[in-house]
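The values are calculated or read from the model by the stated rules, or taken from the named source; none is laboratory data. Computed from a predicted structure; not experimentally measured. Ideal geometry is used to build each Cβ from the backbone, glycine not excepted, and the neighbour counts take in all protein chains shown.
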Amino acid sequence: MMEKKFTNPQLEEVFDLIAEAIDAAGEDKRALFLAKLALALSNIIGDPAAVRRAVEAASKDL
Amino acid sequence: MHQPETTPRASIFYDYQIHPFVRPPEMDGRAQTAPVVIVGAGPIGMLTAIELARFGVRSILLESELQVSHGSRAIVLTRRSMEILQHAGVAGPFLRKGLQWSQGRSFFRGREVYTMVMPHDPDDRFLPGLNIQQQYIEEYLVEAVNATGMVDFRWGSKVVGLTQDAGRAMLRVDTPEGEYDLPAQWVVAADGGRSAIRRMLELRMEGRSYAGNFVIADIKCDIDLPTERLCHFDPAWNPGNNVLVHRQPDGVWRIDFRLPDGETAEDALQPDVLAQRIESVLDMIGQRKPWMLDWATVYSANTLTLPDFRAGRVLFTGDAAHLLPIFGVRGANTGFQDCDDLAWKLAFVISGLAPERLLDTYSQERVQAAREICEEGGKSTRFMTPPNQGFRLMRDAVLSFSLSETFANDLMHWRTSRPHDYAHSPLNSFPDDDAAFDGGIACGAPMRNVKLGDDDYLMDRLAPGFQLLLFTDNAVTTGQTAMIAAAKAAAVPVNSVLVAAAQGGALNGAADLVIGDAQGKIAAKYAAPPGAAVLIRPDGHVCARWRAADAGKFATALAVACAKKDAA
């Protein structure tokens, strides 16, 4: 289980921010945008093991 | 000629009563200017009439129909609404009929993924929610309005015209016997979401409307589930959409679900289409039982508000002033707070106890509240009914994570309506004295209840008007004595309440009310040391407080709270 690092207002802010960016990217570029976002966040984290844990968590229950 | 429906509405559980139209004196040439005409006898209009009567102000209440409204509509009342109803002296029948509750459970792919117990302080008299059909809300308020003996309740009376100048408004009223003119010093527009008054004044609301239609269906069914908020996200029978289930009194259940995009209200309400979906919901919650439909309707979500609730002699309240999303039970509960803010101000202005500009603070406070609710309710709405693909995808990601992770679960929080904090109200004063307290209830915040004994709470004891809470250990200070005298002499009603740390017996008669607080519960909740004073507005919001009582400051604060003076 991942530790919750955000306060609820931060969680809401990030939710809205990404939702609006997905729409701004447009339907045909949505997957590309999300892949780039994942890469950018991975780079910011700078820890391949942490990225692997995130990939595993995100892969469940699709 | 206005021809309201004279047949009682159909319902399988509620017996509608017809209230006949009675020819008013204006139709026989006996017109006089009423201090207040309230347009619309929904919950908000009626509670406004009741609260005005408690301050000695008569009103005329116009309702275009001859019976209470159709369907269960606003079913959930919040704790704050119950406190407002109690203070207006009408909570009794609501408590006897309603079902109180405090938690909600959310399901996804058949698993319970989020449970939220709404905060409940043992000092609160009422649980966070109370479910009751709007027919009962209105029935009990009709009885309470008539019991005041101060409200001229005019059924079958539809407003068809409105003009106004600086001195008064003139309403044109259509009735089953023809039209008449009704002059009024003030008009309260409580005529609902499709307000005719708002249209006549050509006022536009600001904000946004959300795509997506929802069906509400009330069924009578012997469902074996507790009273709680039940939410199912993305059920197999209604992919991508969600379903809410709420229990109501009389074995009636509210089922609420979003329609697939593009489906019209007309299609969704086809009996066979609706029946099949109701069966799917009953299957989903494991309650396949016989049922009967009482009422169904379609709605969509809005976060819209007028930018000003005052237009000359006209004051807007409830849905006439704003259209708020159903998520978080914002409609009637926001409206009750509107009329609780408005009623004392309007009563004081009409009685000559306060200048007209006090009414502008009603608009300031409640427009600010409506805007904050639009912002907050918008978040719930974007989660419950994603307006576009970005929000839908993010919502789906949160739901998917909810099966294995908890970090994003609070996005499923439904942000229930709560009392607004008027921290920036121009009616607050002495901010330095306010800041000198270490906690407690700050200026602008709603007062908090305190349990004093079995079936005995602080708010039970408060009479209409301002409350001046004075905290004492064994001796009333000179400043407090001067404050009590000033409260007694004030033109507006101020109840002086001594909160005595010692058993209050020796102090009896020293103030309007003496409350023994031997355990120091009230003093602790208000963070008030002996000698302190807290001034609370008639709608229950703190507007000034001092660690040491001072009659001069009290007089200033009272004048500020009545808009007679600018804030100190």
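Looking at region B:129-162 only, could you name the residues that are over 20 Å from B:Gly29 (Cα atoms) and either aromatic (Phe, Trp, Tyr) or in a strand (DSSP E or B) (or both)?
B:Gly129, B:Leu130, B:Asn131, B:Tyr136, B:Tyr140, B:Val151
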Inset, instruction - Check region B:100-122 and report whether any residue there is outside the structural domain of B:Lys525 (by TED's automatic domain parsing), more than 26 Å from B:Met412 (Cβ to Cβ) and assigned to a loop (DSSP other than H, G, I, E, B). - result: yes
Legend entry - Count - residues of region B:66-90 that are within 27 Å of B:Pro446 (Cβ to Cβ), among the hydrophobic types (A, V, I, L, M, F, W, C) and in contact with an Asp or Glu (Cβ under 8 Å, 6 or more places away or on another chain): 2
Inset, instruction - Filter region A:9-31 for residues that are under 22 Å from B:Leu399 (Cα atoms) and touching a helix residue (DSSP H, G or I) at 6+ places or on another chain (Cβ under 8 Å) and give the result. - result: A:Leu11, A:Glu12, A:Phe15, A:Asp16, A:Ile18, A:Ala19, A:Glu20, A:Ala21, A:Ile22, A:Asp23, A:Glu27, A:Arg30
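Per-residue answers, yes or no, for (1) among the acidic types (Asp, Glu); (2) on the phi < 0 side of the Ramachandran plot; (3) more than 12 Å from chain B (Cβ to nearest Cβ); (4) assigned to a helix (DSSP H, G or I):
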site: A:Lys5; (1), (2), (3), (4): no, yes, no, no
site: A:Glu13; (1), (2), (3), (4): yes, yes, no, yes
site: A:Ala19; (1), (2), (3), (4): no, yes, no, yes
site: A:Ile22; (1), (2), (3), (4): no, yes, no, yes
Legend entry - Subset of region B:379-404 (residues that are surrounded by fewer than 22 Cβ atoms within 10 Å (Cβ to Cβ) and either in contact with a strand residue (DSSP E or B) (Cβ under 7 Å, 6 or more places away or on another chain) or more than 14 Å from every other protein chain (Cβ to nearest Cβ) (or both)): B:Pro387, B:Leu403
Legend entry - Members of region B:52-78 found to be over 25 Å from B:Glu5 (Cα atoms) and charged (D, E, K, R), listed by number: B:Arg54, B:Arg58
Inset, instruction - Keeping to region A:34-62, report how many residues are hydrophobic (A, V, I, L, M, F, W, C), farther than 15 Å from A:Glu3 by Cα and at the interface with chain B (Cβ under 10 Å from one of its Cβ atoms). - result: 2
Inset, instruction - Name every residue in region B:1-57 that is more than 30 Å from B:Cys221 (Cβ to Cβ), touching a residue at least 40 places away in the same chain (Cβ under 8 Å) and of a type in the set (Gly, Ala, Ser), in order of residue number. - result: B:Ala31, B:Ala34, B:Gly40, B:Ala41, B:Gly45, B:Ala49, B:Ala53, B:Gly56
Inset, instruction - Mind listing just one residue for me: the one in region B:220-279 that is on the phi > 0 side of the Ramachandran plot and at pLDDT below 95 and, of those, surrounded by the most Cβ atoms within 10 Å (Cβ to Cβ)? - result: B:Asp234
Inset, instruction - Select from region B:268-317 the residues that are in contact (Cβ under 8 Å) with a residue 60 or more places away in the chain and small (Gly, Ala, Ser) and list them in ascending order. - result: B:Ala296, B:Ser300, B:Ala301, B:Ala311, B:Gly312
Legend entry - Search result, residues across region B:94-146 that are without any contact (Cβ under 8 Å) to a residue 24 or more places away in the chain and over 21 Å from the mean Cα position of the chain (by Cα): B:Gly110, B:Glu112, B:Thr115, B:Val117
Legend entry - Residue check for B:Arg461: surrounded by fewer than 19 Cβ atoms within 10 Å (Cβ to Cβ) and away from every other protein chain (no Cβ under 14 Å): yes
Inset, instruction - Kindly list the number of the only condition in (1) of a type in the set (Asp, Glu); (2) in a loop (DSSP other than H, G, I, E, B); (3) buried (at least 20 other Cβ atoms within 10 Å of the Cβ) that fails for B:Asp15. - result: (3)
Inset, instruction - List every residue pair whose Cβ atoms lie under 7 Å apart, where the two residues are 6 or more positions apart in sequence or sit on different chains, the first residue falls within region B:406-425 and is more than 10 Å from chain A (Cβ to nearest Cβ), and the second residue, located anywhere, is aromatic (Phe, Trp, Tyr). - result: B:Met412/B:Tyr114; B:Trp414/B:Phe327
